[in-house]
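Undergrad: Quick one: this structure, given as structure tokens, is what I'll be asking you about.
Read-outs: derived from the displayed coordinates by stated rules, not from any lab. All figures in this text were calculated on a predicted structure; none of them were measured in a lab. As a convention, Cβ positions derive from the backbone with ideal geometry for all residues, glycine included, and neighbour counts pool all protein chains shown.
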Amino acid sequence: MIRTILFTLFALASPVTVQAFERIAEKNAFITFISGTSLTNRLYGVTLMVSASGDISGEAFGRAINGDWTWQDGYFCREMAWGDRAIPYNCQQVEARGNEIRFTSDQGAGDSASFKLR
């Protein structure tokens, strides 16, 4: 019992290293990072395929996602549709950490969405 308490106290007192997100500002680095993977966010039921040629396809909550993307001035710029709903053009900051990628709208000033690479 004392060992368990001491171990727990030690674990709580030890610093936890959390890997920070790192910015991806180059198109080739982005393509290399996502190549051969799908992007998933299970909380929101989203699975996306982002191709090197500029296509976006996937599904969210049983509705198709389709779109196009380009790389402009260090940002991932995309226009999409989710079912019948248009998702307007937006340029997003891209960051990566391990097998996770995060997109932040409005060139890094807006809302963020994170995805696991599978």
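Undergrad: Distance from the Cα centre of region 89-118 to that of region 56-86, in angstrom?
TA: 13
Undergrad: A further question follows. Around R78, with a cut-off of 15 angstrom between Cβ atoms, what is the net charge of the other residues, counting Lys and Arg +1 and Asp and Glu -1?
TA: Surrounding charge for R78 is -3.
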